[in-house]
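The values are calculated or read from the model by the stated rules, or taken from the named source; none is laboratory data. Note that this is a predicted model, so its numbers are computed, not measured. Here the Cβ is made from the backbone with ideal geometry for all residues, glycine too, and neighbour counts use every protein chain on show. Accessible surface is based on the protein model in full, side chains and every heavy atom, while ligands, DNA and RNA are left aside. Shrake-Rupley method; radii C 1.70, N 1.55, O 1.52, S 1.80 Å.
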Amino acid sequence: MSKLIITGGQPLHGKVKVSGAKNASLAILCGALLAEDEVVLDNVPDISDVRILLEIMGTMGVKVRWLGEETLSLRSPKNIEDEAPYELVKQLRASNLLLGPMLTRYGKASISLPGGCNIGIRPMDLHFKGLINLGAEMNLERGIIQGKTGRLTGSRVYLDFPSVGATENIIMAACLADGQTVIENAAKEPEIVDLANFLNALGAKVRGAGTDLIKIEGQHLLKGGRYTIIPDRIEAGTFMVAAAATRGKVILESVIPRHLEPLTAKLREANVEVEVSEDTICVNAANIEAKSIDIKTMPYPGFPTDMQSQMMAFLSTVPGTSIIVENIFENRFRVADEIKRMGANIKVEGRMAVIEGVASLQGAKVKASDLRAGAALVIAALMAKGETEIGDVHYIDRGYANLEPKLTSLGALIRRS
Ligand code: EPZ
(Lines give C-alpha, C1' and ligand atoms only; values in the text may rest on other atoms or scores of the structure.)
Protein backbone atom coordinates (compact mmCIF):
# COMPACT_ATOMS: atom_id res chain seq x y z
CA MET A 1 0.00 0.00 0.00
CA SER A 2 1.46 3.41 -0.99
CA LYS A 3 2.29 6.07 1.56
CA LEU A 4 2.69 9.86 1.46
CA ILE A 5 5.92 11.24 2.97
CA ILE A 6 5.66 14.93 3.90
CA THR A 7 8.30 17.20 5.48
CA GLY A 8 6.42 20.01 7.18
CA GLY A 9 7.21 23.57 8.16
CA GLN A 10 7.02 25.38 4.80
CA PRO A 11 4.26 27.98 4.42
CA LEU A 12 2.35 27.24 1.17
CA HIS A 13 2.62 29.96 -1.48
CA GLY A 14 1.26 30.27 -5.02
CA LYS A 15 -1.79 29.47 -7.14
CA VAL A 16 -3.73 26.23 -7.55
CA LYS A 17 -6.57 25.28 -9.91
CA VAL A 18 -9.34 23.25 -8.30
CA SER A 19 -10.70 20.15 -10.11
CA GLY A 20 -14.33 19.20 -10.80
CA ALA A 21 -16.57 18.30 -7.86
CA LYS A 22 -16.44 14.63 -6.77
CA ASN A 23 -19.92 14.66 -5.21
CA ALA A 24 -21.52 16.40 -8.20
CA SER A 25 -19.74 14.06 -10.65
CA LEU A 26 -20.92 10.87 -8.92
CA ALA A 27 -24.59 11.94 -8.98
CA ILE A 28 -24.36 13.27 -12.55
CA LEU A 29 -22.73 10.08 -13.85
CA CYS A 30 -25.70 8.13 -12.47
CA GLY A 31 -28.09 10.70 -13.96
CA ALA A 32 -26.56 10.01 -17.40
CA LEU A 33 -28.46 6.69 -17.33
CA LEU A 34 -31.65 8.70 -17.98
CA ALA A 35 -30.47 9.93 -21.39
CA GLU A 36 -31.31 8.02 -24.57
CA ASP A 37 -28.36 9.53 -26.49
CA GLU A 38 -24.71 10.35 -25.80
CA VAL A 39 -23.88 12.48 -22.76
CA VAL A 40 -20.54 14.35 -22.73
CA LEU A 41 -19.26 15.68 -19.39
CA ASP A 42 -16.45 18.24 -18.95
CA ASN A 43 -14.39 18.95 -15.81
CA VAL A 44 -14.72 15.36 -14.52
CA PRO A 45 -12.08 14.82 -11.77
CA ASP A 46 -9.63 11.93 -12.26
CA ILE A 47 -10.22 10.29 -8.84
CA SER A 48 -10.75 6.68 -7.82
CA ASP A 49 -14.41 7.15 -6.78
CA VAL A 50 -15.19 8.26 -10.36
CA ARG A 51 -13.15 5.42 -11.88
CA ILE A 52 -14.90 2.80 -9.69
CA LEU A 53 -18.37 4.11 -10.58
CA LEU A 54 -17.47 4.09 -14.27
CA GLU A 55 -16.30 0.48 -13.92
CA ILE A 56 -19.62 -0.46 -12.28
CA MET A 57 -21.57 1.29 -15.06
CA GLY A 58 -19.42 -0.40 -17.67
CA THR A 59 -20.36 -3.84 -16.28
CA MET A 60 -24.02 -2.78 -16.58
CA GLY A 61 -23.58 -2.12 -20.31
CA VAL A 62 -22.93 1.66 -20.32
CA LYS A 63 -20.43 2.69 -23.04
CA VAL A 64 -17.77 4.80 -21.30
CA ARG A 65 -15.08 6.72 -23.24
CA TRP A 66 -12.58 9.32 -22.00
CA LEU A 67 -12.39 12.01 -24.71
CA GLY A 68 -9.70 13.98 -22.88
CA GLU A 69 -8.08 14.24 -19.44
CA GLU A 70 -11.29 15.50 -17.82
CA THR A 71 -13.87 14.92 -20.58
CA LEU A 72 -16.05 11.82 -20.64
CA SER A 73 -18.58 10.34 -23.07
CA LEU A 74 -21.36 8.05 -21.78
CA ARG A 75 -23.98 6.11 -23.75
CA SER A 76 -26.60 4.24 -21.69
CA PRO A 77 -27.89 0.92 -23.11
CA LYS A 78 -31.47 0.07 -24.02
CA ASN A 79 -31.37 -2.63 -21.33
CA ILE A 80 -29.00 -3.16 -18.43
CA GLU A 81 -27.28 -6.10 -16.79
CA ASP A 82 -29.21 -7.04 -13.69
CA GLU A 83 -26.75 -6.76 -10.88
CA ALA A 84 -23.84 -4.42 -10.24
CA PRO A 85 -20.83 -6.48 -9.08
CA TYR A 86 -20.56 -6.66 -5.26
CA GLU A 87 -16.75 -6.40 -5.27
CA LEU A 88 -16.98 -2.96 -6.87
CA VAL A 89 -20.17 -1.69 -5.21
CA LYS A 90 -18.91 -2.36 -1.70
CA GLN A 91 -16.01 0.03 -2.38
CA LEU A 92 -18.30 2.93 -3.22
CA ARG A 93 -21.27 4.06 -1.13
CA ALA A 94 -22.29 6.50 -3.86
CA SER A 95 -23.20 3.51 -6.07
CA ASN A 96 -26.52 3.77 -4.21
CA LEU A 97 -27.25 6.72 -6.53
CA LEU A 98 -27.78 4.20 -9.34
CA LEU A 99 -31.07 3.10 -7.72
CA GLY A 100 -33.27 6.00 -8.81
CA PRO A 101 -32.07 6.13 -12.42
CA MET A 102 -32.14 2.33 -12.87
CA LEU A 103 -35.69 2.02 -11.50
CA THR A 104 -37.16 4.87 -13.50
CA ARG A 105 -35.37 4.03 -16.78
CA TYR A 106 -35.29 0.22 -16.72
CA GLY A 107 -37.92 -0.72 -14.10
CA LYS A 108 -35.44 -2.70 -12.02
CA ALA A 109 -32.42 -2.25 -9.78
CA SER A 110 -30.19 -4.62 -7.94
CA ILE A 111 -27.44 -3.02 -5.89
CA SER A 112 -25.51 -4.46 -2.97
CA LEU A 113 -26.31 -2.44 0.13
CA PRO A 114 -23.28 -0.14 0.32
CA GLY A 115 -22.02 -0.95 3.80
CA GLY A 116 -21.65 1.68 6.47
CA CYS A 117 -18.30 3.36 6.20
CA ASN A 118 -15.80 4.71 8.64
CA ILE A 119 -17.76 7.85 9.48
CA GLY A 120 -21.15 6.45 10.41
CA ILE A 121 -24.02 4.00 9.92
CA ARG A 122 -25.10 5.51 6.57
CA PRO A 123 -28.72 4.14 6.50
CA MET A 124 -30.88 4.29 3.35
CA ASP A 125 -34.37 4.54 4.87
CA LEU A 126 -35.02 7.96 3.25
CA HIS A 127 -33.94 6.70 -0.18
CA PHE A 128 -36.37 3.77 0.18
CA LYS A 129 -39.18 6.02 1.49
CA GLY A 130 -38.93 8.24 -1.59
CA LEU A 131 -38.68 5.43 -4.15
CA ILE A 132 -41.57 3.51 -2.54
CA ASN A 133 -43.72 6.70 -2.56
CA LEU A 134 -43.08 6.84 -6.31
CA GLY A 135 -44.40 3.29 -6.67
CA ALA A 136 -41.26 1.12 -6.59
CA GLU A 137 -41.26 -2.24 -4.80
CA MET A 138 -38.09 -2.28 -2.69
CA ASN A 139 -36.66 -5.07 -0.56
CA LEU A 140 -33.38 -6.04 1.01
CA GLU A 141 -32.26 -9.66 0.92
CA ARG A 142 -28.84 -10.96 1.91
CA GLY A 143 -27.38 -7.45 1.70
CA ILE A 144 -28.73 -6.94 -1.82
CA ILE A 145 -31.19 -4.11 -2.50
CA GLN A 146 -33.77 -5.34 -5.01
CA GLY A 147 -36.08 -2.80 -6.62
CA LYS A 148 -38.67 -3.20 -9.35
CA THR A 149 -41.51 -1.24 -10.84
CA GLY A 150 -43.64 -0.68 -13.92
CA ARG A 151 -43.63 3.06 -14.59
CA LEU A 152 -43.08 5.25 -11.51
CA THR A 153 -45.78 7.76 -10.61
CA GLY A 154 -45.05 11.25 -9.31
CA SER A 155 -45.78 11.75 -5.61
CA ARG A 156 -45.05 13.98 -2.60
CA VAL A 157 -42.09 13.00 -0.36
CA TYR A 158 -41.15 14.61 2.96
CA LEU A 159 -37.53 13.92 3.99
CA ASP A 160 -37.18 13.56 7.77
CA PHE A 161 -33.57 14.70 7.30
CA PRO A 162 -32.33 16.74 4.27
CA SER A 163 -30.31 13.80 2.98
CA VAL A 164 -28.13 14.69 -0.04
CA GLY A 165 -28.20 11.20 -1.54
CA ALA A 166 -31.91 10.62 -0.93
CA THR A 167 -32.73 14.00 -2.53
CA GLU A 168 -30.61 13.07 -5.56
CA ASN A 169 -32.09 9.58 -5.94
CA ILE A 170 -35.65 10.90 -5.75
CA ILE A 171 -34.97 13.75 -8.24
CA MET A 172 -33.53 11.27 -10.76
CA ALA A 173 -36.35 8.74 -10.26
CA ALA A 174 -38.95 11.51 -10.66
CA CYS A 175 -37.46 12.73 -13.97
CA LEU A 176 -39.06 9.86 -15.92
CA ALA A 177 -42.07 9.23 -13.63
CA ASP A 178 -45.66 9.96 -14.67
CA GLY A 179 -46.73 13.38 -13.38
CA GLN A 180 -45.32 15.72 -10.72
CA THR A 181 -43.12 14.86 -7.75
CA VAL A 182 -42.67 17.25 -4.82
CA ILE A 183 -39.76 16.83 -2.37
CA GLU A 184 -40.16 18.65 0.95
CA ASN A 185 -37.24 19.31 3.32
CA ALA A 186 -34.88 18.57 0.41
CA ALA A 187 -31.11 18.95 0.75
CA LYS A 188 -29.79 22.30 -0.61
CA GLU A 189 -26.14 21.47 -1.33
CA PRO A 190 -24.57 23.00 -4.50
CA GLU A 191 -24.13 19.46 -5.86
CA ILE A 192 -27.95 19.08 -5.89
CA VAL A 193 -28.22 22.26 -7.96
CA ASP A 194 -25.52 20.98 -10.34
CA LEU A 195 -27.39 17.67 -10.79
CA ALA A 196 -30.64 19.55 -11.50
CA ASN A 197 -28.92 21.88 -14.01
CA PHE A 198 -27.40 18.83 -15.75
CA LEU A 199 -30.77 17.00 -15.94
CA ASN A 200 -32.54 20.14 -17.20
CA ALA A 201 -29.87 20.45 -19.92
CA LEU A 202 -31.03 16.99 -21.08
CA GLY A 203 -34.67 18.12 -21.18
CA ALA A 204 -35.80 17.34 -17.61
CA LYS A 205 -38.03 19.74 -15.65
CA VAL A 206 -36.54 20.13 -12.16
CA ARG A 207 -37.49 23.31 -10.33
CA GLY A 208 -36.41 24.63 -6.92
CA ALA A 209 -33.07 22.83 -6.54
CA GLY A 210 -31.05 24.68 -3.88
CA THR A 211 -34.19 25.28 -1.82
CA ASP A 212 -35.95 22.85 0.54
CA LEU A 213 -38.89 22.46 -1.88
CA ILE A 214 -38.13 20.78 -5.23
CA LYS A 215 -40.74 20.03 -7.92
CA ILE A 216 -40.10 17.65 -10.84
CA GLU A 217 -42.38 17.16 -13.87
CA GLY A 218 -41.82 13.64 -15.28
CA GLN A 219 -40.77 13.28 -18.93
CA HIS A 220 -40.76 10.27 -21.27
CA LEU A 221 -36.99 10.01 -21.80
CA LEU A 222 -34.16 12.55 -21.67
CA LYS A 223 -32.08 13.45 -24.72
CA GLY A 224 -28.27 13.54 -24.83
CA GLY A 225 -26.24 16.66 -24.22
CA ARG A 226 -23.00 18.20 -22.94
CA TYR A 227 -22.44 19.58 -19.43
CA THR A 228 -19.56 21.05 -17.36
CA ILE A 229 -19.36 19.98 -13.72
CA ILE A 230 -18.89 22.63 -10.99
CA PRO A 231 -15.57 22.98 -9.14
CA ASP A 232 -15.09 20.92 -5.99
CA ARG A 233 -15.85 23.15 -2.98
CA ILE A 234 -14.37 20.62 -0.53
CA GLU A 235 -11.10 20.30 -2.46
CA ALA A 236 -11.01 24.11 -2.56
CA GLY A 237 -11.75 24.29 1.16
CA THR A 238 -9.01 21.78 1.89
CA PHE A 239 -6.43 23.98 0.15
CA MET A 240 -7.80 27.07 1.95
CA VAL A 241 -7.29 25.39 5.31
CA ALA A 242 -3.83 24.12 4.31
CA ALA A 243 -2.83 27.70 3.47
CA ALA A 244 -4.15 28.90 6.85
CA ALA A 245 -2.52 26.05 8.77
CA THR A 246 0.92 26.64 7.24
CA ARG A 247 0.57 30.43 7.62
CA GLY A 248 1.04 30.83 3.86
CA LYS A 249 -0.66 32.72 1.04
CA VAL A 250 -2.52 30.73 -1.63
CA ILE A 251 -4.80 31.81 -4.48
CA LEU A 252 -7.41 29.23 -5.56
CA GLU A 253 -8.54 29.48 -9.20
CA SER A 254 -11.72 28.14 -10.89
CA VAL A 255 -13.81 28.18 -7.71
CA ILE A 256 -17.33 29.42 -6.89
CA PRO A 257 -16.75 31.57 -3.75
CA ARG A 258 -20.45 31.46 -2.78
CA HIS A 259 -20.15 27.67 -2.25
CA LEU A 260 -17.44 28.29 0.34
CA GLU A 261 -19.11 31.05 2.37
CA PRO A 262 -19.51 28.97 5.58
CA LEU A 263 -15.77 28.12 5.57
CA THR A 264 -14.69 31.63 4.58
CA ALA A 265 -16.70 33.05 7.49
CA LYS A 266 -15.07 30.66 9.99
CA LEU A 267 -11.53 31.29 8.71
CA ARG A 268 -12.10 35.07 9.00
CA GLU A 269 -13.37 34.49 12.57
CA ALA A 270 -9.99 32.82 13.23
CA ASN A 271 -8.22 36.00 11.96
CA VAL A 272 -7.26 34.46 8.59
CA GLU A 273 -7.46 36.95 5.70
CA VAL A 274 -9.74 35.71 2.89
CA GLU A 275 -10.42 37.79 -0.23
CA VAL A 276 -12.82 36.63 -2.95
CA SER A 277 -13.33 37.66 -6.57
CA GLU A 278 -15.74 36.16 -9.13
CA ASP A 279 -13.90 32.84 -9.52
CA THR A 280 -10.90 33.04 -7.19
CA ILE A 281 -10.31 32.98 -3.44
CA CYS A 282 -7.09 34.30 -1.85
CA VAL A 283 -6.19 33.01 1.63
CA ASN A 284 -3.43 34.96 3.37
CA ALA A 285 -2.33 33.74 6.81
CA ALA A 286 1.23 35.09 6.80
CA ASN A 287 2.05 36.69 10.21
CA ILE A 288 -1.51 36.41 11.58
CA GLU A 289 -2.37 35.90 15.27
CA ALA A 290 -4.82 33.00 14.71
CA LYS A 291 -7.75 32.88 17.15
CA SER A 292 -9.57 29.82 18.49
CA ILE A 293 -13.15 29.36 17.23
CA ASP A 294 -16.17 27.08 17.66
CA ILE A 295 -17.68 25.06 14.77
CA LYS A 296 -20.85 23.03 14.42
CA THR A 297 -21.46 21.05 11.25
CA MET A 298 -24.90 21.45 9.62
CA PRO A 299 -26.60 20.72 6.28
CA TYR A 300 -25.80 23.35 3.60
CA PRO A 301 -25.60 26.32 3.89
CA GLY A 302 -24.27 25.47 7.39
CA PHE A 303 -20.64 24.53 7.99
CA PRO A 304 -19.91 21.39 5.85
CA THR A 305 -19.19 18.14 7.68
CA ASP A 306 -16.69 17.33 4.90
CA MET A 307 -14.47 20.19 6.10
CA GLN A 308 -14.62 19.29 9.81
CA SER A 309 -11.51 17.07 10.01
CA GLN A 310 -9.38 19.56 8.09
CA MET A 311 -10.37 22.36 10.50
CA MET A 312 -9.50 20.12 13.46
CA ALA A 313 -5.94 19.86 12.12
CA PHE A 314 -5.63 23.64 11.63
CA LEU A 315 -7.08 24.45 15.10
CA SER A 316 -4.72 21.98 16.84
CA THR A 317 -1.98 24.69 16.96
CA VAL A 318 -4.22 27.77 17.33
CA PRO A 319 -3.78 29.23 20.86
CA GLY A 320 -6.80 28.76 23.14
CA THR A 321 -9.71 26.32 23.22
CA SER A 322 -11.71 25.48 20.07
CA ILE A 323 -14.84 23.31 20.10
CA ILE A 324 -16.20 21.28 17.18
CA VAL A 325 -19.68 19.71 17.24
CA GLU A 326 -20.35 17.11 14.49
CA ASN A 327 -24.11 17.03 13.86
CA ILE A 328 -24.23 15.02 10.63
CA PHE A 329 -22.34 11.75 11.15
CA GLU A 330 -22.00 9.53 14.23
CA ASN A 331 -18.33 8.72 13.97
CA ARG A 332 -16.39 11.47 12.25
CA PHE A 333 -13.73 12.27 14.88
CA ARG A 334 -11.49 9.27 14.23
CA VAL A 335 -8.70 11.47 12.89
CA ALA A 336 -8.30 13.03 16.36
CA ASP A 337 -6.34 9.97 17.58
CA GLU A 338 -3.90 10.28 14.69
CA ILE A 339 -3.36 14.04 15.10
CA LYS A 340 -2.81 13.43 18.84
CA ARG A 341 0.05 11.10 17.88
CA MET A 342 1.63 14.23 16.34
CA GLY A 343 1.31 16.11 19.64
CA ALA A 344 -2.17 17.64 19.47
CA ASN A 345 -4.34 18.05 22.60
CA ILE A 346 -7.87 16.96 21.61
CA LYS A 347 -10.59 15.48 23.81
CA VAL A 348 -13.54 13.76 22.09
CA GLU A 349 -16.84 13.34 23.96
CA GLY A 350 -19.59 11.90 21.71
CA ARG A 351 -20.44 14.52 19.08
CA MET A 352 -18.08 17.12 20.59
CA ALA A 353 -14.31 17.57 20.22
CA VAL A 354 -12.45 20.02 22.47
CA ILE A 355 -9.13 21.22 21.03
CA GLU A 356 -6.51 22.94 23.21
CA GLY A 357 -4.01 24.62 20.87
CA VAL A 358 -0.40 23.44 21.28
CA ALA A 359 2.75 25.27 20.13
CA SER A 360 3.46 22.88 17.25
CA LEU A 361 2.94 19.35 15.91
CA GLN A 362 5.73 16.83 15.35
CA GLY A 363 5.98 14.53 12.35
CA ALA A 364 4.97 10.89 12.98
CA LYS A 365 3.75 7.71 11.27
CA VAL A 366 -0.05 8.01 10.92
CA LYS A 367 -2.88 6.34 8.95
CA ALA A 368 -5.89 7.71 7.10
CA SER A 369 -9.19 6.18 8.28
CA ASP A 370 -11.39 7.85 5.64
CA LEU A 371 -11.16 10.40 2.83
CA ARG A 372 -11.41 13.64 4.79
CA ALA A 373 -9.41 12.28 7.73
CA GLY A 374 -6.65 11.63 5.19
CA ALA A 375 -6.91 15.22 3.97
CA ALA A 376 -6.66 16.43 7.58
CA LEU A 377 -3.49 14.37 8.10
CA VAL A 378 -1.93 15.95 5.01
CA ILE A 379 -2.63 19.38 6.54
CA ALA A 380 -1.25 18.29 9.92
CA ALA A 381 1.88 16.95 8.20
CA LEU A 382 2.36 20.22 6.28
CA MET A 383 2.22 22.10 9.63
CA ALA A 384 4.38 19.68 11.64
CA LYS A 385 8.08 19.88 12.41
CA GLY A 386 9.93 17.03 10.69
CA GLU A 387 8.74 14.16 8.53
CA THR A 388 5.30 12.49 8.56
CA GLU A 389 4.40 9.22 6.85
CA ILE A 390 0.71 8.81 6.00
CA GLY A 391 -0.50 5.25 5.33
CA ASP A 392 -3.72 4.05 3.62
CA VAL A 393 -3.38 6.83 1.07
CA HIS A 394 -6.01 5.10 -1.11
CA TYR A 395 -8.63 6.90 1.00
CA ILE A 396 -7.17 10.26 -0.09
CA ASP A 397 -7.01 9.19 -3.74
CA ARG A 398 -10.80 8.70 -3.65
CA GLY A 399 -11.42 12.44 -3.65
CA TYR A 400 -8.29 14.46 -4.51
CA ALA A 401 -6.98 14.54 -8.12
CA ASN A 402 -3.23 15.17 -8.62
CA LEU A 403 -2.73 16.07 -4.94
CA GLU A 404 1.06 15.78 -4.88
CA PRO A 405 1.72 17.98 -7.97
CA LYS A 406 -0.76 20.59 -6.72
CA LEU A 407 0.87 20.76 -3.26
CA THR A 408 4.42 20.62 -4.70
CA SER A 409 3.57 23.63 -6.89
CA LEU A 410 2.71 25.48 -3.66
CA GLY A 411 6.10 24.66 -2.12
CA ALA A 412 5.19 21.56 -0.12
CA LEU A 413 7.82 18.79 0.35
CA ILE A 414 5.67 15.75 -0.46
CA ARG A 415 6.34 12.42 -2.20
CA ARG A 416 4.62 9.05 -2.59
CA SER A 417 6.51 5.87 -1.69
C1 EPZ B 1 -23.21 13.01 0.77
O2 EPZ B 1 -23.30 11.75 1.40
C3 EPZ B 1 -21.74 13.17 0.41
N4 EPZ B 1 -21.33 12.10 -0.51
C5 EPZ B 1 -20.88 13.12 1.67
O6 EPZ B 1 -19.53 13.38 1.28
C7 EPZ B 1 -21.34 14.24 2.61
O8 EPZ B 1 -20.61 14.17 3.81
C9 EPZ B 1 -22.83 14.08 2.92
O10 EPZ B 1 -23.59 14.07 1.67
C11 EPZ B 1 -23.38 15.21 3.79
O12 EPZ B 1 -23.16 16.44 3.17
C13 EPZ B 1 -21.69 12.17 -1.82
O14 EPZ B 1 -22.35 13.10 -2.25
C15 EPZ B 1 -21.23 11.05 -2.70
P16 EPZ B 1 -26.62 12.23 3.57
P17 EPZ B 1 -24.77 11.12 1.70
O18 EPZ B 1 -27.57 11.24 3.01
O19 EPZ B 1 -25.70 11.45 0.63
C20 EPZ B 1 -28.56 10.38 7.43
C21 EPZ B 1 -17.20 13.03 1.22
O22 EPZ B 1 -16.30 13.04 2.08
N23 EPZ B 1 -29.37 9.59 6.50
O24 EPZ B 1 -26.88 13.68 3.43
O25 EPZ B 1 -24.59 9.69 2.08
C26 EPZ B 1 -27.13 9.84 7.48
O27 EPZ B 1 -27.05 8.79 8.41
C28 EPZ B 1 -18.54 12.35 1.52
O29 EPZ B 1 -17.10 13.54 0.06
C30 EPZ B 1 -30.44 8.85 7.01
O31 EPZ B 1 -30.71 8.87 8.22
O32 EPZ B 1 -25.15 11.94 3.03
C33 EPZ B 1 -26.33 11.03 7.91
O34 EPZ B 1 -26.35 11.12 9.32
C35 EPZ B 1 -18.58 11.78 2.93
N36 EPZ B 1 -31.19 8.11 6.15
C37 EPZ B 1 -27.09 12.21 7.32
O38 EPZ B 1 -28.38 11.71 6.93
C39 EPZ B 1 -30.93 8.06 4.80
O40 EPZ B 1 -31.67 7.38 4.06
C41 EPZ B 1 -26.43 12.83 6.10
O42 EPZ B 1 -26.40 11.84 5.11
C43 EPZ B 1 -29.83 8.81 4.31
C44 EPZ B 1 -29.07 9.57 5.18
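Does residue 165 count as on the phi > 0 side of the Ramachandran plot, open to solvent by 10 Å² or more (accessible area, probe 1.4 Å) and either in contact with a helix residue (DSSP H, G or I) (Cβ under 7 Å, 6 or more places away or on another chain) or not hydrophobic (A, V, I, L, M, F, W, C) (or both)?
no
Looking at 77, 11, 85, just one residue is away from the ligand (no atom under 16 Å from the Cβ), more than 22 Å from residue 394 (Cα to Cα) and open to solvent by 30 Å² or more (accessible area, probe 1.4 Å), and that residue is 11.
Taking the condition farther than 29 Å from residue 210 by Cα and open to solvent by 10 Å² or more (accessible area, probe 1.4 Å), does residue 249 pass? Yes. Number of residues in the range 131-162 that are open to solvent by 10 Å² or more (accessible area, probe 1.4 Å) and within 14 Å of the ligand (Cβ to nearest atom): the value is 8.
For the range 117-124, the condition holds for at least one residue, the condition being that it is surrounded by 18 or more Cβ atoms within 10 Å (Cβ to Cβ), modelled with pLDDT under 95 and within 17 Å of the chain's Cα centre (by Cα). Scanning the range 15-27 for residues that are more than 17 Å from residue 243 (Cα to Cα) and either away from the ligand (no atom under 11 Å from the Cβ) or among the basic types (Lys, Arg) (or both) returns 19, 20, 22. The residues on offer are 173, 177, and the sole one that is in contact (Cβ under 8 Å) with a residue 60 or more places away in the chain, away from the ligand (no atom under 16 Å from the Cβ) and of a type in the set (A, V, I, L, M) is 177.
Check whether at least one residue in the range 23-42 is surrounded by 24 or more Cβ atoms within 10 Å (Cβ to Cβ) and farther than 18 Å from residue 97 by Cα, and report yes or no. No, that holds for no residue. Against the test of being closer than 23 Å to residue 157 by Cα and either of a type outside the set (Ser, Thr, Tyr) or within 12 Å of the ligand (Cβ to nearest atom) (or both), the options 100, 61 yield a single qualifying residue, 100.
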